[in-house]
Amino acid sequence: MTTHPATASTAPSLTRSVAHYPAESGVPPEGCGCPQGQVLTSQVSRRTLLAGASALGALGAVIGTAGPSAATQLAFAGTAYTGDTIVILSLRGGFDGLSAVAPVGDPAYFAARPAIAIPASRAITLDSMFGLHPALAPLKPIWDAGGLAAVHAVGQVNPTRSHFEAMATMENAAPGSTLRTGWLDRMIGLSGPVSTFASASVGSATTPQSMIGPNPEVAIRTVDSFSLSGASTPDEQTRWTTALNALYAGAPAALAAPAKATLGALSTMSPLKAAGYTPANGAAYPKGAVGDALRDLARLIKARIGLRAATVDVGNWDMHSGLGSSDSGWMFRQLTELGQALAAFNQDLGAQMSDVTLVTLSEFGRRVAQNGSGGLDHGHGNVSLVMGGGVRGGQVYGRWPGLAAANLDNGDLAGTTDYRTILAEALEKRAQLSSSTVFPLLAADRLGMFAAKA
(Lines give C-alpha, C1' and ligand atoms only; values in the text may rest on other atoms or scores of the structure.)
Protein backbone atom coordinates (compact mmCIF):
# COMPACT_ATOMS: atom_id res chain seq x y z
CA MET A 1 0.00 0.00 0.00
CA THR A 2 1.13 3.53 -0.68
CA THR A 3 0.10 6.61 1.24
CA HIS A 4 -0.85 9.78 -0.57
CA PRO A 5 1.25 12.57 0.96
CA ALA A 6 -1.71 14.93 1.42
CA THR A 7 -3.75 12.47 3.43
CA ALA A 8 -4.65 12.65 7.08
CA SER A 9 -6.72 9.52 7.66
CA THR A 10 -6.03 6.78 10.15
CA ALA A 11 -9.32 5.03 9.45
CA PRO A 12 -8.99 1.27 8.92
CA SER A 13 -9.42 -0.33 5.51
CA LEU A 14 -12.93 -1.51 4.76
CA THR A 15 -13.74 -5.07 3.87
CA ARG A 16 -15.67 -6.59 1.00
CA SER A 17 -18.16 -9.44 1.04
CA VAL A 18 -19.46 -9.69 -2.52
CA ALA A 19 -18.77 -12.04 -5.39
CA HIS A 20 -16.51 -11.05 -8.28
CA TYR A 21 -17.86 -10.54 -11.79
CA PRO A 22 -15.95 -9.76 -14.98
CA ALA A 23 -15.16 -6.12 -15.62
CA GLU A 24 -14.97 -6.62 -19.37
CA SER A 25 -18.55 -7.55 -20.14
CA GLY A 26 -20.16 -4.13 -20.30
CA VAL A 27 -23.39 -5.82 -19.17
CA PRO A 28 -24.78 -5.15 -15.70
CA PRO A 29 -24.42 -8.35 -13.64
CA GLU A 30 -27.41 -10.35 -12.57
CA GLY A 31 -29.00 -8.81 -9.52
CA CYS A 32 -27.28 -5.45 -9.91
CA GLY A 33 -30.61 -3.64 -9.73
CA CYS A 34 -30.11 -1.60 -12.89
CA PRO A 35 -32.05 -2.98 -15.90
CA GLN A 36 -29.89 -2.97 -19.01
CA GLY A 37 -30.70 -0.11 -21.34
CA GLN A 38 -32.38 1.97 -18.65
CA VAL A 39 -31.00 5.00 -16.83
CA LEU A 40 -31.06 4.85 -13.07
CA THR A 41 -32.47 8.15 -11.81
CA SER A 42 -33.15 9.49 -8.37
CA GLN A 43 -36.48 7.67 -8.27
CA VAL A 44 -34.84 4.38 -7.29
CA SER A 45 -36.25 4.30 -3.80
CA ARG A 46 -38.88 1.62 -3.24
CA ARG A 47 -40.73 3.76 -0.78
CA THR A 48 -44.07 4.97 -2.02
CA LEU A 49 -45.67 8.37 -1.67
CA LEU A 50 -47.96 6.97 1.00
CA ALA A 51 -45.05 5.61 3.00
CA GLY A 52 -43.13 8.84 2.66
CA ALA A 53 -46.15 10.80 3.85
CA SER A 54 -46.85 8.61 6.87
CA ALA A 55 -45.99 11.41 9.30
CA LEU A 56 -48.95 13.32 7.93
CA GLY A 57 -51.33 10.37 7.94
CA ALA A 58 -54.22 10.90 5.53
CA LEU A 59 -53.06 14.47 4.93
CA GLY A 60 -49.77 13.50 3.29
CA ALA A 61 -50.65 15.70 0.32
CA VAL A 62 -48.40 18.74 0.22
CA ILE A 63 -46.96 18.46 -3.26
CA GLY A 64 -44.65 19.99 -5.84
CA THR A 65 -43.92 19.40 -9.51
CA ALA A 66 -40.16 19.32 -10.07
CA GLY A 67 -38.66 17.12 -12.81
CA PRO A 68 -38.22 13.40 -12.15
CA SER A 69 -34.43 13.24 -11.89
CA ALA A 70 -33.95 15.27 -8.73
CA ALA A 71 -35.88 15.79 -5.53
CA THR A 72 -35.09 17.98 -2.57
CA GLN A 73 -35.94 16.55 0.83
CA LEU A 74 -35.64 18.93 3.73
CA ALA A 75 -35.75 18.44 7.48
CA PHE A 76 -36.71 21.57 9.38
CA ALA A 77 -36.60 22.17 13.08
CA GLY A 78 -36.95 24.78 15.82
CA THR A 79 -34.78 27.73 16.72
CA ALA A 80 -32.69 26.09 19.48
CA TYR A 81 -30.35 24.50 16.93
CA THR A 82 -27.26 26.60 16.14
CA GLY A 83 -25.23 24.17 14.03
CA ASP A 84 -24.70 24.06 10.29
CA THR A 85 -27.30 23.00 7.79
CA ILE A 86 -26.03 19.57 6.77
CA VAL A 87 -26.64 18.94 3.07
CA ILE A 88 -26.25 15.46 1.56
CA LEU A 89 -25.99 15.50 -2.22
CA SER A 90 -26.67 11.88 -3.19
CA LEU A 91 -25.27 10.88 -6.59
CA ARG A 92 -27.54 7.93 -7.26
CA GLY A 93 -26.48 5.10 -9.51
CA GLY A 94 -22.84 4.59 -8.58
CA PHE A 95 -20.74 7.71 -9.15
CA ASP A 96 -17.30 7.19 -10.67
CA GLY A 97 -14.96 9.02 -8.34
CA LEU A 98 -11.96 8.01 -10.44
CA SER A 99 -13.28 10.25 -13.21
CA ALA A 100 -14.27 13.18 -11.01
CA VAL A 101 -11.05 13.30 -8.98
CA ALA A 102 -8.69 11.33 -11.17
CA PRO A 103 -5.48 9.76 -9.78
CA VAL A 104 -3.38 11.00 -12.69
CA GLY A 105 -0.22 10.38 -10.67
CA ASP A 106 -0.92 6.62 -10.55
CA PRO A 107 0.28 4.88 -13.76
CA ALA A 108 -2.11 1.98 -13.18
CA TYR A 109 -5.05 4.36 -13.72
CA PHE A 110 -4.16 4.90 -17.38
CA ALA A 111 -3.37 1.22 -17.95
CA ALA A 112 -6.81 0.22 -16.64
CA ARG A 113 -8.70 2.85 -18.66
CA PRO A 114 -6.98 3.27 -22.04
CA ALA A 115 -10.03 4.88 -23.69
CA ILE A 116 -11.76 6.79 -20.87
CA ALA A 117 -9.04 7.96 -18.44
CA ILE A 118 -8.74 11.71 -17.91
CA PRO A 119 -5.46 12.72 -19.56
CA ALA A 120 -2.99 14.28 -17.14
CA SER A 121 -2.68 17.21 -19.54
CA ARG A 122 -6.40 17.97 -19.23
CA ALA A 123 -6.88 17.31 -15.53
CA ILE A 124 -7.02 20.35 -13.24
CA THR A 125 -4.14 19.82 -10.84
CA LEU A 126 -5.11 19.42 -7.20
CA ASP A 127 -1.84 17.93 -5.94
CA SER A 128 0.89 15.55 -7.08
CA MET A 129 -1.52 12.61 -7.31
CA PHE A 130 -4.95 13.94 -8.18
CA GLY A 131 -6.53 16.10 -10.84
CA LEU A 132 -10.07 17.40 -11.14
CA HIS A 133 -12.14 16.45 -14.19
CA PRO A 134 -12.11 19.46 -16.57
CA ALA A 135 -15.92 19.61 -16.47
CA LEU A 136 -15.64 20.48 -12.77
CA ALA A 137 -13.53 23.58 -13.47
CA PRO A 138 -16.11 25.90 -11.79
CA LEU A 139 -15.19 24.25 -8.48
CA LYS A 140 -11.47 25.03 -8.64
CA PRO A 141 -11.79 28.61 -7.29
CA ILE A 142 -13.70 27.24 -4.28
CA TRP A 143 -10.95 24.65 -3.82
CA ASP A 144 -8.25 27.32 -3.99
CA ALA A 145 -10.14 29.46 -1.46
CA GLY A 146 -10.24 26.56 1.01
CA GLY A 147 -14.00 25.96 0.82
CA LEU A 148 -13.87 22.58 -0.95
CA ALA A 149 -12.07 19.34 -0.15
CA ALA A 150 -12.21 15.74 -1.37
CA VAL A 151 -11.95 12.41 0.42
CA HIS A 152 -10.80 9.55 -1.79
CA ALA A 153 -11.11 5.79 -1.42
CA VAL A 154 -14.36 6.18 0.55
CA GLY A 155 -16.48 3.08 1.04
CA GLN A 156 -18.81 1.02 3.18
CA VAL A 157 -17.85 -1.64 5.72
CA ASN A 158 -19.77 -4.45 3.97
CA PRO A 159 -20.15 -3.28 0.38
CA THR A 160 -22.51 -4.73 -2.17
CA ARG A 161 -22.94 -4.07 -5.87
CA SER A 162 -26.73 -3.91 -5.60
CA HIS A 163 -27.99 -0.33 -5.91
CA PHE A 164 -30.92 -0.86 -3.56
CA GLU A 165 -29.04 -2.78 -0.89
CA ALA A 166 -26.10 -0.37 -0.96
CA MET A 167 -28.33 2.70 -0.68
CA ALA A 168 -30.40 1.17 2.10
CA THR A 169 -27.28 0.29 4.09
CA MET A 170 -25.68 3.68 3.49
CA GLU A 171 -28.76 5.60 4.58
CA ASN A 172 -29.31 3.44 7.65
CA ALA A 173 -25.61 3.92 8.47
CA ALA A 174 -25.67 1.55 11.44
CA PRO A 175 -24.08 -1.74 10.30
CA GLY A 176 -23.75 -4.30 13.07
CA SER A 177 -26.52 -2.71 15.12
CA THR A 178 -30.25 -3.34 15.39
CA LEU A 179 -31.20 0.22 14.44
CA ARG A 180 -33.67 0.51 11.58
CA THR A 181 -34.02 4.29 11.50
CA GLY A 182 -32.16 6.51 9.03
CA TRP A 183 -29.08 8.38 10.18
CA LEU A 184 -30.52 11.82 9.36
CA ASP A 185 -33.61 11.02 11.42
CA ARG A 186 -31.33 10.15 14.32
CA MET A 187 -29.43 13.39 13.82
CA ILE A 188 -32.64 15.44 13.86
CA GLY A 189 -33.72 13.61 17.01
CA LEU A 190 -30.61 14.88 18.80
CA SER A 191 -30.90 18.46 17.62
CA GLY A 192 -33.69 19.73 19.86
CA PRO A 193 -37.42 20.43 19.47
CA VAL A 194 -38.68 20.34 15.90
CA SER A 195 -41.15 22.71 14.28
CA THR A 196 -44.03 22.27 11.84
CA PHE A 197 -41.78 22.12 8.84
CA ALA A 198 -40.29 18.83 10.06
CA SER A 199 -43.64 17.11 9.59
CA ALA A 200 -44.45 17.22 5.89
CA SER A 201 -43.98 14.88 2.97
CA VAL A 202 -44.32 16.37 -0.46
CA GLY A 203 -45.92 15.12 -3.64
CA SER A 204 -44.37 12.32 -5.70
CA ALA A 205 -40.95 13.00 -4.20
CA THR A 206 -39.96 10.07 -2.00
CA THR A 207 -38.50 10.63 1.42
CA PRO A 208 -34.99 9.14 1.53
CA GLN A 209 -34.33 6.18 3.75
CA SER A 210 -31.86 8.29 5.73
CA MET A 211 -34.92 10.12 7.13
CA ILE A 212 -36.93 7.04 8.12
CA GLY A 213 -37.90 7.23 11.76
CA PRO A 214 -40.05 8.99 14.34
CA ASN A 215 -38.94 12.54 13.56
CA PRO A 216 -40.87 14.56 11.00
CA GLU A 217 -39.54 15.63 7.63
CA VAL A 218 -40.81 17.46 4.58
CA ALA A 219 -39.96 16.62 0.98
CA ILE A 220 -40.37 19.41 -1.56
CA ARG A 221 -40.49 19.18 -5.32
CA THR A 222 -40.15 22.95 -5.77
CA VAL A 223 -40.81 25.93 -3.55
CA ASP A 224 -43.05 27.58 -6.12
CA SER A 225 -45.28 24.53 -6.55
CA PHE A 226 -45.56 23.71 -2.84
CA SER A 227 -49.31 23.39 -2.31
CA LEU A 228 -52.08 21.20 -0.98
CA SER A 229 -53.03 18.39 -3.32
CA GLY A 230 -56.15 19.34 -5.21
CA ALA A 231 -55.73 23.03 -4.42
CA SER A 232 -54.01 24.49 -7.45
CA THR A 233 -55.25 28.06 -7.02
CA PRO A 234 -55.11 30.42 -4.01
CA ASP A 235 -58.90 30.34 -3.75
CA GLU A 236 -58.97 26.54 -3.68
CA GLN A 237 -56.21 26.49 -1.08
CA THR A 238 -58.15 28.92 1.12
CA ARG A 239 -61.27 26.75 0.93
CA TRP A 240 -59.29 23.61 1.73
CA THR A 241 -57.57 25.30 4.65
CA THR A 242 -60.87 26.45 6.10
CA ALA A 243 -62.38 23.02 5.66
CA LEU A 244 -59.45 21.19 7.25
CA ASN A 245 -59.33 23.56 10.21
CA ALA A 246 -63.02 22.93 10.79
CA LEU A 247 -62.69 19.19 10.27
CA TYR A 248 -59.93 18.78 12.85
CA ALA A 249 -61.16 21.32 15.40
CA GLY A 250 -61.46 19.51 18.69
CA ALA A 251 -60.00 16.29 17.31
CA PRO A 252 -57.57 14.25 19.43
CA ALA A 253 -53.99 15.46 19.13
CA ALA A 254 -52.88 12.30 17.33
CA LEU A 255 -55.32 13.10 14.53
CA ALA A 256 -55.12 16.88 14.55
CA ALA A 257 -51.32 17.22 14.65
CA PRO A 258 -50.66 16.07 11.06
CA ALA A 259 -53.33 18.42 9.74
CA LYS A 260 -51.98 21.35 11.73
CA ALA A 261 -48.44 20.54 10.58
CA THR A 262 -49.51 20.52 6.96
CA LEU A 263 -51.37 23.81 7.25
CA GLY A 264 -48.48 25.35 9.15
CA ALA A 265 -46.06 24.34 6.41
CA LEU A 266 -48.29 25.88 3.77
CA SER A 267 -48.49 29.09 5.79
CA THR A 268 -44.71 29.25 6.12
CA MET A 269 -44.12 28.69 2.41
CA SER A 270 -46.74 31.13 1.13
CA PRO A 271 -44.67 34.32 1.65
CA LEU A 272 -41.62 32.68 0.06
CA LYS A 273 -43.63 31.83 -3.02
CA ALA A 274 -45.17 35.28 -3.17
CA ALA A 275 -41.79 37.02 -2.91
CA GLY A 276 -40.21 35.11 -5.80
CA TYR A 277 -36.49 34.50 -5.93
CA THR A 278 -33.42 35.96 -7.60
CA PRO A 279 -30.07 34.33 -6.76
CA ALA A 280 -27.59 36.64 -5.05
CA ASN A 281 -24.05 37.68 -5.96
CA GLY A 282 -24.61 37.13 -9.69
CA ALA A 283 -25.02 33.38 -9.26
CA ALA A 284 -26.41 31.59 -12.31
CA TYR A 285 -27.70 28.05 -11.82
CA PRO A 286 -27.62 25.70 -14.81
CA LYS A 287 -30.92 24.52 -16.20
CA GLY A 288 -31.67 21.02 -15.04
CA ALA A 289 -32.60 18.94 -12.04
CA VAL A 290 -29.56 19.53 -9.84
CA GLY A 291 -29.44 23.25 -10.59
CA ASP A 292 -33.13 23.64 -9.83
CA ALA A 293 -32.85 21.67 -6.58
CA LEU A 294 -29.83 23.56 -5.27
CA ARG A 295 -31.42 26.88 -6.24
CA ASP A 296 -34.48 26.05 -4.14
CA LEU A 297 -32.28 24.79 -1.32
CA ALA A 298 -30.34 28.07 -1.23
CA ARG A 299 -33.65 29.91 -1.21
CA LEU A 300 -34.82 27.99 1.85
CA ILE A 301 -31.55 28.34 3.71
CA LYS A 302 -31.56 32.10 3.21
CA ALA A 303 -35.16 32.30 4.42
CA ARG A 304 -33.92 31.12 7.85
CA ILE A 305 -36.92 28.91 8.53
CA GLY A 306 -34.98 26.43 10.66
CA LEU A 307 -33.39 24.10 8.11
CA ARG A 308 -31.02 21.67 9.81
CA ALA A 309 -30.52 18.91 7.26
CA ALA A 310 -31.22 18.48 3.57
CA THR A 311 -30.75 15.81 0.94
CA VAL A 312 -30.68 16.41 -2.78
CA ASP A 313 -30.82 13.33 -5.03
CA VAL A 314 -29.24 13.41 -8.48
CA GLY A 315 -29.47 10.31 -10.67
CA ASN A 316 -28.10 9.14 -14.03
CA TRP A 317 -24.61 8.06 -12.90
CA ASP A 318 -24.93 4.34 -13.76
CA MET A 319 -22.57 4.41 -16.74
CA HIS A 320 -22.11 0.79 -17.79
CA SER A 321 -21.47 1.89 -21.37
CA GLY A 322 -20.56 5.02 -23.31
CA LEU A 323 -19.06 7.01 -20.46
CA GLY A 324 -17.36 9.31 -22.95
CA SER A 325 -14.13 11.27 -22.98
CA SER A 326 -12.70 14.11 -20.92
CA ASP A 327 -14.32 16.72 -23.16
CA SER A 328 -17.58 15.14 -24.34
CA GLY A 329 -20.09 12.44 -23.61
CA TRP A 330 -22.23 11.24 -20.74
CA MET A 331 -19.87 11.83 -17.82
CA PHE A 332 -18.75 15.19 -19.17
CA ARG A 333 -22.37 16.40 -19.42
CA GLN A 334 -23.27 15.16 -15.96
CA LEU A 335 -20.23 16.68 -14.30
CA THR A 336 -20.67 19.96 -16.18
CA GLU A 337 -24.13 20.46 -14.67
CA LEU A 338 -22.99 19.26 -11.25
CA GLY A 339 -19.98 21.57 -11.16
CA GLN A 340 -21.93 24.60 -12.34
CA ALA A 341 -24.74 23.94 -9.85
CA LEU A 342 -22.41 23.56 -6.88
CA ALA A 343 -20.48 26.68 -7.82
CA ALA A 344 -23.71 28.66 -8.18
CA PHE A 345 -24.95 27.37 -4.81
CA ASN A 346 -21.74 28.51 -3.13
CA GLN A 347 -21.85 31.90 -4.85
CA ASP A 348 -25.55 32.41 -4.15
CA LEU A 349 -25.20 31.76 -0.42
CA GLY A 350 -22.10 33.88 -0.08
CA ALA A 351 -21.38 34.56 3.60
CA GLN A 352 -24.17 32.18 4.63
CA MET A 353 -22.09 29.30 3.30
CA SER A 354 -20.26 29.55 6.62
CA ASP A 355 -23.31 27.86 8.16
CA VAL A 356 -23.61 25.10 5.57
CA THR A 357 -21.76 21.80 5.15
CA LEU A 358 -22.40 19.87 1.92
CA VAL A 359 -21.19 16.29 1.37
CA THR A 360 -21.58 14.24 -1.80
CA LEU A 361 -22.23 10.53 -1.40
CA SER A 362 -22.93 7.65 -3.75
CA GLU A 363 -23.87 4.07 -2.91
CA PHE A 364 -20.65 2.72 -4.44
CA GLY A 365 -17.94 3.61 -6.93
CA ARG A 366 -17.11 1.99 -10.26
CA ARG A 367 -14.56 -0.66 -11.12
CA VAL A 368 -11.04 0.48 -11.89
CA ALA A 369 -10.86 -1.13 -15.33
CA GLN A 370 -13.13 -0.02 -18.14
CA ASN A 371 -15.34 -2.69 -19.71
CA GLY A 372 -15.78 -3.63 -23.35
CA SER A 373 -18.52 -1.04 -23.86
CA GLY A 374 -16.52 2.00 -22.90
CA GLY A 375 -18.14 2.13 -19.50
CA LEU A 376 -17.62 0.96 -15.95
CA ASP A 377 -19.34 -1.71 -13.91
CA HIS A 378 -20.20 -1.51 -10.22
CA GLY A 379 -17.27 -1.21 -7.86
CA HIS A 380 -16.37 -0.13 -4.35
CA GLY A 381 -14.09 2.78 -3.36
CA ASN A 382 -15.24 6.26 -4.33
CA VAL A 383 -14.71 9.97 -3.78
CA SER A 384 -16.73 12.39 -1.65
CA LEU A 385 -16.64 16.13 -2.22
CA VAL A 386 -17.10 18.27 0.88
CA MET A 387 -17.94 21.97 0.63
CA GLY A 388 -18.71 24.61 3.23
CA GLY A 389 -17.46 27.44 5.36
CA GLY A 390 -16.12 25.12 8.03
CA VAL A 391 -14.22 22.84 5.66
CA ARG A 392 -10.43 22.83 5.78
CA GLY A 393 -10.35 22.63 2.03
CA GLY A 394 -7.85 22.65 -0.77
CA GLN A 395 -6.64 19.11 -0.17
CA VAL A 396 -7.50 15.45 -0.75
CA TYR A 397 -8.05 13.51 2.47
CA GLY A 398 -8.00 9.79 3.10
CA ARG A 399 -5.40 7.04 2.66
CA TRP A 400 -4.82 6.37 -1.02
CA PRO A 401 -4.27 2.60 -1.49
CA GLY A 402 -3.10 2.80 -5.10
CA LEU A 403 -4.42 1.08 -8.21
CA ALA A 404 -1.71 -1.52 -8.78
CA ALA A 405 -3.25 -4.97 -9.11
CA ALA A 406 -1.92 -6.13 -5.74
CA ASN A 407 -3.62 -3.18 -4.01
CA LEU A 408 -7.08 -3.62 -5.51
CA ASP A 409 -10.05 -5.05 -3.66
CA ASN A 410 -11.28 -7.74 -6.01
CA GLY A 411 -10.65 -5.47 -8.99
CA ASP A 412 -11.96 -2.34 -7.28
CA LEU A 413 -10.44 0.69 -5.63
CA ALA A 414 -10.19 -0.37 -1.98
CA GLY A 415 -12.26 1.57 0.51
CA THR A 416 -9.92 2.91 3.18
CA THR A 417 -12.19 5.54 4.77
CA ASP A 418 -15.67 4.68 6.06
CA TYR A 419 -18.04 7.32 4.65
CA ARG A 420 -19.55 7.66 8.13
CA THR A 421 -16.21 9.05 9.35
CA ILE A 422 -16.81 12.15 7.21
CA LEU A 423 -20.39 12.54 8.40
CA ALA A 424 -19.52 11.93 12.05
CA GLU A 425 -16.90 14.67 12.01
CA ALA A 426 -19.34 17.03 10.30
CA LEU A 427 -21.90 16.38 13.04
CA GLU A 428 -19.36 16.80 15.82
CA LYS A 429 -17.57 19.88 14.53
CA ARG A 430 -20.25 21.67 12.49
CA ALA A 431 -23.63 20.50 13.82
CA GLN A 432 -22.27 20.44 17.38
CA LEU A 433 -23.88 17.09 18.10
CA SER A 434 -22.61 13.80 19.45
CA SER A 435 -22.21 11.22 16.68
CA SER A 436 -22.12 8.08 18.82
CA THR A 437 -25.85 7.38 18.70
CA VAL A 438 -26.16 8.48 15.07
CA PHE A 439 -23.34 6.18 13.94
CA PRO A 440 -23.11 3.36 16.52
CA LEU A 441 -20.00 1.18 16.55
CA LEU A 442 -18.06 3.65 14.37
CA ALA A 443 -14.35 3.93 15.16
CA ALA A 444 -13.16 7.17 16.75
CA ASP A 445 -10.67 8.04 13.98
CA ARG A 446 -11.34 11.34 12.21
CA LEU A 447 -9.82 13.08 9.20
CA GLY A 448 -9.39 16.52 10.74
CA MET A 449 -11.09 18.17 7.77
CA PHE A 450 -13.49 20.45 9.66
CA ALA A 451 -12.90 23.45 11.85
CA ALA A 452 -15.00 23.55 15.01
CA LYS A 453 -18.00 25.85 14.72
CA ALA A 454 -17.56 28.96 16.81
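The values are calculated or read from the model by the stated rules, or taken from the named source; none is laboratory data. Just so we're clear, the structure is a prediction, and the values are computed from it rather than from any experiment. Glycine gets a Cβ as well: all are built from the backbone with ideal geometry, and neighbour counts include every protein chain shown. Accessible surface areas use protein heavy atoms only, side chains included; no ligands, DNA or RNA. Shrake-Rupley method; radii C 1.70, N 1.55, O 1.52, S 1.80 Å.
A few remarks follow.
- Here T178 and S270 are evaluated by their C-beta separation; at R0 = 56 Å the FRET efficiency comes out at 0.85.
- Here's how it looks for G131: its modeled amide H is under 5 Å from those of A102, V104, L126, which are all 5 or more places away or on a different chain.
- In region 348-454, Cα pairs under 8 Å separated by at least six residues give a relative contact order of 25 percent.
- Each residue of region 383-397 is assigned a 3J(HN,Hα), and the resulting list reads 10, 10, 9, 10, 10, x, x, x, 7, 8, x, x, 8, 9, 9 Hz, derived from the Karplus form 6.51 cos²θ - 1.76 cosθ + 1.60 (θ = phi - 60°), x at Gly and Pro.
- Probe 1.4 Å, accessible area per residue of region 211-291, Å²: 51
- Compactness of region 295-412 is given as radius of gyration and Dmax, 17.1, 52 Å, from Cα positions.
- Whole-Hz ³J(HN,Hα) from phi, Karplus 6.51 cos²θ - 1.76 cosθ + 1.60, for region 244-255, glycine and proline x: 5, 4, 5, 4, 9, 5, x, 6, x, 4, 4, 8
- Residues whose amide H comes within less than 5 Å of that of W400, counting only those at least five positions distant or on another chain, are H4 (H built at 1.01 Å from N in the peptide plane).
- Region 261-315 versus region 349-364: alpha-carbon centroid distance in Å: 14
- Surface composition of region 134-182: carbon and sulfur atoms hold 59% of the protein heavy-atom accessible area at a 1.4 Å probe.
- Around the Cα centre of region 289-376, unit charges on the Cβ atoms of Lys, Arg, Asp and Glu (plus for the first two, minus for the last two) sum to a dipole of about 160 debye.
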